[in-house]
Amino acid sequence: MMELLGMMPRKIALGGRYSRDFFNRYGDLRHIRRLRFWSLKKVLIEKYELSEQVANDMTNFLVPILDFVPEKRPTAAQCLLHPWMNPGPRLLEPSICSSQSQGPDNFSEEKKTEMDEMEAVEVGIGNIAISADSKQVKDAQPTSKLSKAASSSSR
């Protein structure tokens with residue numbers, strides 16, 4: 001993490017139970033002499049071959065989450081509001097297998113309803129996956145379409 005984010009603050013480095021095993025009294029690493037600093041953005045571009053724009057957007061989202069000081073990290077709610085989590089409308093329509101692509105008459109009424117509900121959930125929450133056993137957040141104010149879709153899909 002230090003190679004990606006820079007040196008760890010001394011207070012954080014020395015604040016753990018086993019800190020003295022890994023850090024000296026100045027907060028420097030004991031067993032690693034030379035760090036090879038490589039920013040997260042450059043790692044994403046050079047190693048994972050992401051475009052500069054995608055790497056920049058991802059870095060802007062991830063770096064605050066990885067802050068060494070827990071109090072400086074964004075909350076989960078703040079992360080959900082970040083533009084990287086909701087980049088805008090989907091560019092691709094969901095694919096339909098070729099046997100069903102001949103027209104809407106091929107879908108059963110139940111299948112149509114299920115697809116409509118899934119679309120409502122996707123529109124409402126973007127690209128976030130929610131498991132069936134997750135609990136509703138007290139602050140959340142779901143839209144009527146989203147709450148109908150969520151309640152009928154959990155049955």
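The values are calculated or read from the model by the stated rules, or taken from the named source; none is laboratory data. Remember, predicted model here, so these are calculated numbers, not experimental data. Quick reminder, even Gly has a Cβ in these numbers, built from the backbone with ideal geometry, and neighbours come from all protein chains shown. To get the accessible areas, we keep the full protein, side chains included, count just its heavy atoms, and leave off ligands, DNA and RNA. Shrake-Rupley method; radii C 1.70, N 1.55, O 1.52, S 1.80 Å.
Across the alpha-carbon set of the stretch 40-90, the Rg to Rh ratio works out to 1.02, Rh being the Kirkwood radius. Accessible area per residue was computed with a 1.4 Å probe on protein heavy atoms; residue 63 scores about 60 Å².
Other residues within the sphere of radius under 12 Å centred on the Cβ of residue 65, judged by their own Cβ, net out at +1 (K and R +1, D and E -1). Taking 3, 71 and ordering them by how much accessible surface each has at a 1.4 Å probe, largest first, produces 71, 3.
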